[in-house]
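Worksheet: the structure to be examined is printed underneath.
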Amino acid sequence: MSGRRVDAKVVLLGQEGVGKSSLVERCAHRRFRPGPYQNTIGAAFVAKVMSVGDQTVTLGIWDTAGSERYEAMSRIYYRGARAAVVCYDLTDSSSFQRAKFWVNELQNCEEVRPGWGGRGGAAEPCRWGRGAGGCAGSAGASLPPLCLPQGCRIYLCGTKSDLLEEDRRKRGVDFHDVQDYADEIKAELFETSSKTGQSVDELFQKVAEDYVHFTAFQVMTEEKGVDLGQRSGAYFYSCCHH
Ligand SMILES: Nc1nc2c(ncn2[C@@H]2O[C@H](COP(=O)(O)OP(=O)(O)OP(=O)(O)O)[C@@H](O)[C@H]2O)c(=O)[nH]1
């Protein structure tokens, strides 16, 4: 792995204890460590090589600390991310409120992005602009409904689904409520278990596939000179989206 270039930065966000580190552990090492819970301090990094068709994509995954003590630091880690996996514990409704907090954070768009290709282009201003009060988000008539940093896509991830298999009454976050919210913010939704592995591979595979497809799409539109501002598909909604 050493020396391999990271293609896409991925950041994991969410309340402490929701299972972000366990998700990374399952994705990267295909294991679950049930031992005593240890808070992440600062952030941890792992690179994961994924295959999408005949292409190889290296995801650089940043596992941030969920403790509010490290909130300011977590903001640094989502800068430049192509994907944000916003986690909540399926058995804990307060963790879903915290997930919404992180989505709002992500929706405060960056003014400058490092080129459409994300592969070292010169900095250029956000194509959608920014109002005096910051990103207008869905309230802005002429702006897209979402403004995310540097074409970042959001993946909502409900964790610990194995606990629901044991006892359905443990569900603290309604699936349909989250699905409605995911539709509203144009996010993907996954319910995972790092313990059993349920949907963990699917989540990171989707992140890699979206990265490849958006990059290919972007190259195509740049070559053909398509005006992204004239299109209405979901891919065009995000500020600085590629
Ligand atoms: N049953 C079950 N427990 C889980 C799962 N994922 C994580 N846990 C447990 O939840 C606790 C917290 O997991 P972590 O992965 O450390 O949580 P975190 O979000 O990284 O926490 P911070 O580092 O504090 O932000 C640990 O005791 C894990 O064993 C899961 O899928 N199922």
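The values are calculated or read from the model by the stated rules, or taken from the named source; none is laboratory data. For clarity, every value in this text was computed on a predicted model and none was experimentally measured. Here Cβ is always computed from backbone atoms with ideal geometry, including for glycine, and neighbour counts include all displayed protein chains. Surface areas here come from the heavy atoms of the whole protein model, side chains and all, with no ligands, DNA or RNA. Shrake-Rupley method; radii C 1.70, N 1.55, O 1.52, S 1.80 Å.
Among the residues of segment 13-50, write down those that are part of a strand (DSSP E or B), touching a residue at least 40 places away in the same chain (Cβ under 8 Å) and under 20 Å from residue 208 (Cβ atoms).
The answer is 13, 47, 48, 49, 50.
Identify the single condition in (1) within 14 Å of residue 194 (Cα to Cα); (2) surrounded by 24 or more Cβ atoms within 10 Å (Cβ to Cβ) that residue 14 does not satisfy, given that it satisfies every other one.
(1)
All but one of (1) in contact with a Phe, Trp or Tyr (Cβ under 7 Å, 6 or more places away or on another chain); (2) modelled with pLDDT of 95 or more; (3) more than 7 Å from the ligand (Cβ to nearest atom) hold for residue 43; state the number of the condition that does not hold.
In the conditions (1) in contact with a Phe, Trp or Tyr (Cβ under 7 Å, 6 or more places away or on another chain); (2) modelled with pLDDT of 95 or more; (3) more than 7 Å from the ligand (Cβ to nearest atom), residue 43 misses (2) alone.
Only residues that are exposed (fewer than 11 other Cβ atoms within 10 Å of the Cβ) and modelled with pLDDT of 95 or more: list them for segment 28-40, please.
30, 31
Regarding segment 62-79, can at least one residue be identified that is within 23 Å of residue 99 (Cα to Cα) and touching a Pro at 6+ places or on another chain (Cβ under 8 Å)?
yes
Can you pull out the residues in segment 62-101 that are open to solvent by 10 Å² or more (accessible area, probe 1.4 Å), touching a residue at least 60 places away in the same chain (Cβ under 8 Å) and away from the ligand (no atom under 11 Å from the Cβ)?
Of everything in segment 62-101, those that are open to solvent by 10 Å² or more (accessible area, probe 1.4 Å), touching a residue at least 60 places away in the same chain (Cβ under 8 Å) and away from the ligand (no atom under 11 Å from the Cβ) turn out to be 77, 78, 79, 80, 82, 93, 94, 96, 100.
Listed here are the residues, each with its yes/no results for (1) touching a residue at least 60 places away in the same chain (Cβ under 8 Å); (2) open to solvent by 20 Å² or more (accessible area, probe 1.4 Å).
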residue	(1), (2)
170	yes, yes
173	yes, no
178	yes, no
184	no, yes
195	yes, yes
204	yes, no
209	yes, yes
216	no, yes
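Filter segment 136-170 down to residues that are among the hydroxyl-bearing types (Ser, Thr, Tyr) and modelled with pLDDT under 90, then give me how many there are.
Going through segment 136-170 one residue at a time, the tally reaches 2.
Being away from the ligand (no atom under 16 Å from the Cβ) and either surrounded by fewer than 18 Cβ atoms within 10 Å (Cβ to Cβ) or among the aliphatic types (A, V, I, L, M) (or both) narrows it down to one residue among 165, 188; which is it?
Result of the check over 165, 188: 188.
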